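Visitor: I am attaching a structure below and will ask some questions about it afterwards.
The values are calculated or read from the model by the stated rules, or taken from the named source; none is laboratory data. What you see is a predicted model; the values in this text were computed from it and never measured. Cβ sites come from the backbone with ideal geometry, for glycine too, and all protein chains shown count toward neighbours.
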Amino acid sequence: MSRRDAVAVLAGLAAPLALAVLLVPFRGSFHNTDAALALILVVVAVAANGYRLAGILAAVSAALWFDFFLTRPYERFTITRREDIETTILLLVIGVAVTEIAVWGRRQHAAASRRAGYLDGIHAAAQAAASGASPSALIDQVAGQLTRLLSLKACRFQHGAAGLGQPARMQHDGTVITARQQHWDAGAEGFPPGTDTELLVEGGGVFQGRFLMTPSPGARPTLEQRLLAVALADQVGAALAASHPVGQG
């Protein structure tokens, strides 16, 4: 849990209670549905963080303290009027619904940020190739990008090598096959354990070499990430085909 999320959890627990206590001296002068609306605003503010636990705790806290402080009989977790029961239930339901919307928005924002990072990686590799950077510098750059992109433990390039050591292989459509030519669900299970995974590099229709990737435990690269890895490797292949013949290290 991040510090931001921890603060949101504390706010979810404390903010509805604090507001309900503040409204106690005035509860006889306004309808308690107005108080419920004020509590919903607090729940929305907490849920906007996009952390599900904090939003749900805020919704539950708001419903409980609305019942305890702002519905008759006061200072008891008892509701006698049907209208108050409905208001309490709506307060809880709306709070949870707002939380789910906020969680969805946070995920969409995170996905958009990741895609922007992916595009930056491709652009950086393409720019390095276009600027005439040496193939070895481009290889080092792409190896670093692959390490971060696929959460690898290590990544190295080998000229003119393929299949040595019987590694698994990531193909150009993003699928992964084991040394026994069996398809492997990398998105669900990560790269095959106990072995490296190779990504072959070609340029100008000629085989150039491979990136040999050592996976980190627990990493599960998505198809989108694997396809981006292929695109980055293609940048290396194009650079090698233009200026670095096969077999030269």
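Visitor: Kindly check whether there is at least one residue in the range 190-211 that is at pLDDT 90 or above, in a helix (DSSP H, G or I), among the hydrophobic types (A, V, I, L, M, F, W, C) and out of contact with any strand residue (DSSP E or B) (no Cβ under 6 Å at 6 or more places or on another chain).
Guide: Within the range 190-211 (the criterion being at pLDDT 90 or above, in a helix (DSSP H, G or I), among the hydrophobic types (A, V, I, L, M, F, W, C) and out of contact with any strand residue (DSSP E or B) (no Cβ under 6 Å at 6 or more places or on another chain)), the answer is no, since none of the residues qualifies.
Visitor: Of the conditions (1) surrounded by fewer than 17 Cβ atoms within 10 Å (Cβ to Cβ); (2) within 24 Å of PRO135 (Cβ to Cβ), GLU202 clears all except one; give me its number.
Guide: (1)
Visitor: Taking the range 147-189 as the search range and keeping residues that are polar (S, T, N, Q) and more than 23 Å from the chain's Cα centre (by Cα), which one is nearest to GLY237 (Cα to Cα)?
Guide: Narrowing the range 147-189 to residues polar (S, T, N, Q): 147, 151, 158, 166, 171, 175, 178, 181-182.
Checking the rest, the ones that are also more than 23 Å from the chain's Cα centre (by Cα) come to 158, 166, 171, 178, 181-182.
On the way: GLN158: 12, GLN166: 22, GLN171: 15, THR178: 23, GLN181: 24, GLN182: 26 Å.
Out of the qualifying residues, it is GLN158.
Visitor: A follow-up question, please. Given the conditions (1) touching a Ser or Thr at 6+ places or on another chain (Cβ under 8 Å); (2) of a type in the set (A, V, I, L, M, F, W, C); (3) under 18 Å from ASP140 (Cα atoms), report the number of the one that VAL176 does not fulfil.
Guide: (3)
Visitor: Tally up the residues in the range 80-93 that are buried (at least 19 other Cβ atoms within 10 Å of the Cβ) and of a type in the set (Val, Ile, Thr), please.
Guide: 2
Visitor: Quick one: how many residues across the range 145-176 are of a type in the set (Gly, Ala, Ser) and either surrounded by 13 or more Cβ atoms within 10 Å (Cβ to Cβ) or at pLDDT below 85 (or both)?
Guide: 6
Visitor: Looking at ALA111, ALA58, ALA6 in this structure, which one is under 28 Å from the mean Cα position of the chain (by Cα), crowded, with 20+ Cβ neighbours inside 10 Å and either assigned to a helix (DSSP H, G or I) or of a type in the set (A, V, I, L, M) (or both)?
Guide: None of the other options fit; the residue is ALA58.
Visitor: Quick check: is even one residue across the range 48-58 modelled with pLDDT of 90 or more and among the hydroxyl-bearing types (Ser, Thr, Tyr)?
Guide: no
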